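A.B. asks: Okay, here's the structure, questions in a sec.
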Amino acid sequence: MERLMRLFERGILHIAQILLMLVILAAVIELWYLFITAIHDRVLEIDSIPMLMQAVQRAFSGILLVVLGLELLETLRAYFTDHRVKLELVIVVALIAVSRHVINLDFEHLSGPSIAGIAAIIVALTAGYYLIRKASASRDADGAVSR
């Protein structure tokens, strides 16, 4: 039964990785299409800094979406290899997702508590990432000394 469960888990992980690769590929193709279309149709319409900022924000958001997919793929690969979720990768995915969200925010229409909440999420994720990296470096240093 244990062997059957492992085979099932491997099969599902392979299917999920293939699906995620196809989604990332489709996103990259669509991003290129939107970029070429925007260059062709809308570049001449940009006549102010706010319009330029909006166009650049959309481009950055699309690129971060692809990077988010790649990080999710890395998380699946790490799980497939080690059979455990690496917290560092999950936090990186969360940081990218929050960064993408922040790029798309309209700060002129957000309330103070909303901005404070987003800032708290960013600080918590960054502090968590720092602590995990520090613990990992400490564990590696201890392992090197004991060898």
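The values are calculated or read from the model by the stated rules, or taken from the named source; none is laboratory data. Only a predicted model underlies this, so the values are computations on that prediction, with no experimental measurement involved. For neighbour counting, all protein chains shown are included, and Cβ atoms are generated from backbone atoms with ideal geometry for every residue, glycine included.
A.B. asks: R10 passes all but one of (1) more than 20 Å from I122 (Cα to Cα); (2) charged (D, E, K, R); (3) touching a Ser or Thr at 6+ places or on another chain (Cβ under 9 Å); which number fails?
C.D. replies: (3)
A.B. asks: Let me ask something additional. Going through segment 100-141 one residue at a time, which ones are loosely packed, with under 12 Cβ neighbours inside 10 Å and not in a helix (DSSP H, G or I)?
C.D. replies: Within segment 100-141, D106, S111 qualify.
A.B. asks: To continue, here is another question. Show the residue pairs that are 6+ apart or on different chains and have beta-carbon atoms under 6 Å apart, the first residue being within segment 39-57 and on the phi > 0 side of the Ramachandran plot, the second being of a type outside the set (D, E).
C.D. replies: So the pair list comes out empty.
A.B. asks: Moving to a separate point now. Mind checking which residues of segment 23-53 are more than 19 Å from the chain's Cα centre (by Cα) and surrounded by 13 or more Cβ atoms within 10 Å (Cβ to Cβ)?
C.D. replies: Of everything in segment 23-53, those that are more than 19 Å from the chain's Cα centre (by Cα) and surrounded by 13 or more Cβ atoms within 10 Å (Cβ to Cβ) turn out to be L34, F35, A38, I46.
A.B. asks: Only one of V90, V85 is out of contact with any Phe, Trp or Tyr (no Cβ under 7 Å at 6 or more places or on another chain) and β-branched (V, I, T); which?
C.D. replies: Details: V85 fails: out of contact with any Phe, Trp or Tyr (no Cβ under 7 Å at 6 or more places or on another chain).
Exactly one residue qualifies, and that residue is V90.
A.B. asks: Filtering segment 67-86 down to residues that are in a loop (DSSP other than H, G, I, E, B) and surrounded by fewer than 16 Cβ atoms within 10 Å (Cβ to Cβ), which residue is farthest from the chain's Cα centre (by Cα)? Even if it seems obvious, please write down each step before you answer.
C.D. replies: Going through segment 67-86, the residues in a loop (DSSP other than H, G, I, E, B) turn out to be 83-86.
Still in the list and also surrounded by fewer than 16 Cβ atoms within 10 Å (Cβ to Cβ): 83-85.
On the way: H83: 21, R84: 19, V85: 15 Å.
Taking the candidates together, the pick is H83.
A.B. asks: To continue, here is another question. Please tell me if I91 is over 19 Å from A16 (Cβ atoms), in contact with a Gly (Cβ under 6 Å, 6 or more places away or on another chain) and either modelled with pLDDT of 85 or more or hydroxyl-bearing (S, T, Y) (or both).
C.D. replies: In short, yes.
A.B. asks: Given the residues Y79, Y130, which is the only one that is among the aromatic types (F, W, Y) and in contact (Cβ under 8 Å) with a residue 60 or more places away in the chain?
C.D. replies: Y79
A.B. asks: Something else: Just one of E45, E71, E108 is at pLDDT below 90 and within 22 Å of H14 (Cα to Cα); which is it? Can you show your working first?
C.D. replies: Numbers: E45 fails: within 22 Å of H14 (Cα to Cα); E108 fails: within 22 Å of H14 (Cα to Cα).
Every option except E71 fails the conditions.
A.B. asks: Moving on to the next point. Does segment 98-113 hold any residues that are closer than 23 Å to V56 by Cβ and hydroxyl-bearing (S, T, Y), and which are they?
C.D. replies: Within segment 98-113, S99 is the sole residue that qualifies.
A.B. asks: Any chance segment 48-63 includes a residue that's in contact with a helix residue (DSSP H, G or I) (Cβ under 9 Å, 6 or more places away or on another chain), of a type in the set (V, I, T) and closer than 20 Å to I132 by Cβ?
C.D. replies: No, segment 48-63 contains no residue that is in contact with a helix residue (DSSP H, G or I) (Cβ under 9 Å, 6 or more places away or on another chain), of a type in the set (V, I, T) and closer than 20 Å to I132 by Cβ.
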